[in-house]
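Here's the structure, in structure tokens; my notes come after.
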Amino acid sequence: MECRDKESELAQTLSVLVSGAVEGLVSDVVVLDHGSRDGSSRVADAAGCRFHTHWDIKDILRSARGEWLLLVEPGARLQSGWIEEVMEYIALNRQPARFAPSRTYKRPFLKRIGRTAPPLECGLLIQKKQAIALAKSGMNLETLAQGHKVSKLASEMIPAWVAASIR
């Protein structure tokens with residue numbers, strides 16, 4: 001995750017990832033910070049995350065422990081069933097995947113017209129080796145997440161903008 005002054009949103013996302021860690025799916029969480037002045041670093045530290053203020057994306061990707069990476073925005077929350085679905089997906093597939101958008105939380109109709117969803121709005125599940133091959137120095141996660149042919153997972157993700165809107 002990349003963040004800047006997203007302490008509350010970061011805490012919400014990390015709380016969902018705990019269950020994935022308990023099940024052995026999530027082995028490493030990395031937070032890439034862009035100069036936060038809030039408690040983002042304390043939240044990341046309390047959750048056992050690696051928190052970087054200076055980084056090269058290729059180095060970060062190479063240092064990730066898993067063979068698959070889940071890229072999400074701070075504030076995004078995966079819904080029930082995601083752990084089992086991701087475990088099955090990574091066992092059987094090689095193509096990147098995104099979560100289904102939340103059916104409960106949708107932008108107002110007029111804000112959806114003609115709008116392209118940000119690349120990480122529904123997250124991105126991608127093989128580490130594929131991400132490393134695509135990464136270039138100076139690249140951010142949003143750019144890395146663009147333009148992939150993906151499968152769609154049935155599990156839903158509440159997008160980060162929901163958490164930001166109630167801030």
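The values are calculated or read from the model by the stated rules, or taken from the named source; none is laboratory data. Quick caveat: nothing in here was measured; it's all calculated off a predicted structure. Neighbour counts run over all protein chains shown; Cβ positions are idealised from the backbone, glycine included.
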Exercise. Among the listed residues E85, E23, E67, E7, which satisfies the condition of being more than 24 Å from H148 (Cβ to Cβ), in contact (Cβ under 8 Å) with a residue 40 or more places away in the chain and of a type in the set (D, E, K, R)?
Worked result: E23
Seminar exercise, completed: Exception for Y105 within (1) closer than 30 Å to H54 by Cβ; (2) at pLDDT below 90; (3) of a type outside the set (K, R) falls at (1)
Exercise. Of all residues in the stretch 132-167, how many are within 14 Å of Y105 (Cβ to Cβ) and part of a loop (DSSP other than H, G, I, E, B)?
Worked result: 2
For this session: Inspect the stretch 58-70 for any residue being at pLDDT 95 or above, within 15 Å of the chain's Cα centre (by Cα) and in a helix (DSSP H, G or I) and give the result as yes or no.
Result: yes
For this session: Could you give me the residue pairs with C-beta distances under 6 Å whose first residue belongs to the stretch 31-58 and is in contact (Cβ under 8 Å) with a residue 12 or more places away in the chain, whose second residue is loosely packed, with under 15 Cβ neighbours inside 10 Å and hydroxyl-bearing (S, T, Y) wherever it lies, and which are 6+ apart or on separate chains?
Result: D33/T53; D56/S137
Seminar exercise, completed: Sole miss for M1 among (1) buried (at least 19 other Cβ atoms within 10 Å of the Cβ); (2) at pLDDT below 95 is condition (2)
For this session: Determine if the stretch 124-139 includes at least one residue that is free of Cβ contacts under 8 Å to residues at least 12 places away in the same chain, under 21 Å from I60 (Cα atoms), surrounded by fewer than 15 Cβ atoms within 10 Å (Cβ to Cβ) and more than 13 Å from the chain's Cα centre (by Cα).
Result: yes
Seminar exercise, completed: Exactly one of A131, A91, A135, A154 is of a type in the set (G, A, S), in contact with a Lys or Arg (Cβ under 6 Å, 6 or more places away or on another chain) and at pLDDT 95 or above, and that one is A135
Problem set entry | Count of residues meeting criterion [surrounded by fewer than 19 Cβ atoms within 10 Å (Cβ to Cβ) and closer than 21 Å to R77 by Cα] in the stretch 94-110 | 9
